[in-house]
Amino acid sequence: MMMKNLKQFIAAVSCQAGILLFAAVAFAEEEAGHGGEEAMTFMGDWLPRLVNFAIIAGVVVYFMRKPFRDFFANRTAEIAKAMQDSRDTRERAFFALAEVERKVKELEAETARLVTDAQARGEKDKQTLTEEGRKVSQEIQAQVKQGIELEVQKAKAALAAEAALLSLDLAEGRIKEKISNQDHERIVKEYVAKVGGKG
């Protein structure tokens, strides 16, 4: 649309320039025809030229006023449209910027929430692992204590058996020392008598 108006404007200006050039050439020929020796008078020389110029200017204005008016009206409309488009683009850019800023804020909030959640989960996992470690430690301690108690009981039993054997050996040794041969024969006779009496 702008190119069309520009072409019309160029055509109008070219037309006016052609008319003015034609008038200037005609004026120059008329001067050359008179030889330039005659004195110029207003009524004889200037008035016809002024009337001729007024007619040509009137014709040019009459025929060119609509293209000029259309050109400037269209140009004004194009400028207004360009300004409106610029305002619309600016508003869209403003809304797009506001949307981007909103999304950035939401992203920052989401990131902060994720960091907080991760910290909370980490703390909870830490507590869970600590509690599980404590339980495992207590179970290991209980197993070790039970094993120690079992080993202590075995050791006590072994010591008791050893002590009993030592006591028997000691008692046998003492008995052997205190019993004489006569006591020994008497005990054997009593035992045989008891065994023989039962039979």
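The values are calculated or read from the model by the stated rules, or taken from the named source; none is laboratory data. In this text, all values refer to a predicted model and were calculated from it rather than measured experimentally. No Cβ is skipped: glycine too gets one built from the backbone with ideal geometry, and neighbour counts run over all protein chains shown.
Of note:
Per-residue answers, yes or no, for (1) surrounded by 10 or more Cβ atoms within 10 Å (Cβ to Cβ); (2) among the small types (Gly, Ala, Ser); (3) farther than 22 Å from Ser14 by Cβ; (4) in contact with a Cys (Cβ under 6 Å, 6 or more places away or on another chain):
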| residue | (1), (2), (3), (4) |
| --- | --- |
| Tyr62 | no, no, no, no |
| Lys81 | yes, no, yes, no |
| Ala93 | yes, yes, yes, no |
| Leu97 | yes, no, yes, no |
| Val100 | yes, no, yes, no |
| Leu107 | yes, no, yes, no |
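- Taken as a whole, the structure places Phe72 among residues that are within 60 Å of the chain's Cα centre (by Cα), in a helix (DSSP H, G or I) and either surrounded by fewer than 11 Cβ atoms within 10 Å (Cβ to Cβ) or modelled with pLDDT of 75 or more (or both).
Yes/no matrix, rows are residues, columns are (1) touching a residue at least 40 places away in the same chain (Cβ under 8 Å); (2) surrounded by 10 or more Cβ atoms within 10 Å (Cβ to Cβ); (3) of a type in the set (D, E, K, R); (4) in contact with a Ser or Thr (Cβ under 7 Å, 6 or more places away or on another chain):
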site: Gln138; (1), (2), (3), (4): no, yes, no, no
site: Val144; (1), (2), (3), (4): no, yes, no, no
site: Ile148; (1), (2), (3), (4): no, yes, no, no
site: Ala160; (1), (2), (3), (4): no, yes, no, no
site: Ala163; (1), (2), (3), (4): no, yes, no, no
site: Ala171; (1), (2), (3), (4): no, yes, no, no
site: Arg174; (1), (2), (3), (4): no, yes, yes, no
site: Asn181; (1), (2), (3), (4): no, no, no, no
site: Ile187; (1), (2), (3), (4): no, yes, no, no
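- All positions within region 117-150 that are of a type in the set (Asp, Glu) and either within 38 Å of the chain's Cα centre (by Cα) or at positive phi (or both): Asp117, Glu123, Asp125, Glu131, Glu132
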